[in-house]
1. Explain nothing, just the number: dipole magnitude of chain A about its Cα centre with +1 on each Lys and Arg Cβ and -1 on each Asp and Glu Cβ, in debye rounded to the nearest 20.
2. Need one number: nm distance between label points at residue A:120 and residue B:99, each 7 Å from Cα along Cα→Cβ, rounded to one decimal.
3. Which helices of chain B meet both criteria: a Cα extent of 18 Å or more along the helical axis and a mean Kyte-Doolittle score no lower than 1.0, with helices taken as whole DSSP H segments?
4. Given the options A:95, A:19, A:60, identify the residue whose Cα lies farthest towards the positive end of the charge dipole of the stretch A:1-101 (+1 on Cβ of Lys, Arg; -1 on Cβ of Asp, Glu).
5. Go ahead and set up a Gaussian network model of chain A, Cα springs under 10 Å, then flag whichever of A:103, A:15, A:95 fluctuates most.
6. Against the longest principal axis of chain A, how steep is helix A:94-122, in degrees 0 to 90 to the nearest 10, with axes from Cα atoms?
7. On a C-alpha basis, how far is the centre of the stretch B:59-80 from the centre of the stretch A:41-114 in Å? Whole number, if you could?
8. Can you give the calculated 222 nm mean residue ellipticity of chain A, where each DSSP H run of n ≥ 4 adds -39,500 (n - 2.57) and the sum is split over every residue, rounded to the nearest 500 deg cm²/dmol?
Amino acid sequence: MPLSPHLQTYRLPLTAWLSILHRGTGVVLALSLPLLAWGLHSLSRGNDSFGYFLSLLNNPIGYLFAFALSFALIYHLCNGVRHMFWDMGWGFDKTQIQRSAYTVIGVALLLTFSFWTIVYASSL
Amino acid sequence: MRFEDSLARAKGQGSGHSGHHHFIAQRLSAVFLLLLSPMLALWLLQQIPFEYENLRHAFSDPWVASLWALWLLAGTYHAQLGIQMVLEDYIQHLAWRYSLMISSYIILSFSLFWAWAALIKLLVYE
């Protein structure tokens, strides 16, 4: 574990929060892979078991969970692109890093809301 | 002062000696996921409303099943490498670190094979 920056006294910059969020969303997504396998399996087992699986999602807590998970995936994907540019040695400038941070947050939120708007509109 | 001879420097592995391929594999699987995820998201949007008959029919297409199978492979591998890195960074106690790492291998490989088995079952639908 790094000894610096001193986490209790140092105000973390935006990029640090995004870095933490990247790891956090990554862990959450890894943990959700068994849930995806469960969903696919319930579909393969027939109407009843799939209906039960859907009923777990078809309530306010389920919606919140699905929304959060979709944001986690989309954010992790967008910030992953940012990481790839860094791996190629591009965008390490202080202003560029700040700009790409805001871009990633904006694009991730936009894509998440667009996705759910389309889901909502096409299920009317 | 140089602590490595020229051969060691050319190999570029530093003091770690191995594990460098994890870095490459993490990025290769990321590129796969970057290409496949938008395709599957668009496919998912076309399957609304999510009803049993509808989805069973959609998953009986070998192309769809293959894309999902590939996404699951890339996703599971990427997830395993990521979890391993997080454990290596934050879990100092070696017994805990390796227990958790082995658990993550078991859980993630089990869920991958489980999902693949489901996809194969879903292919057979009339």
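No lab work stands behind these numbers, since they all come straight from the coordinates. Values in this document were obtained by computation on a predicted structure and should not be read as measured data. Methodologically, a virtual Cβ is constructed for each residue, glycine included, from the backbone with ideal geometry; neighbour enumeration extends over all protein chains shown.
1. My answer is approximately 240 debye.
2. 4.6
3. B:20-46, B:94-123
4. A:95
5. A:95
6. 10
7. Each part reduced to its Cα centre gives a spacing of 17 Å.
8. Estimated from H runs of four or more residues: -28500 deg cm²/dmol.
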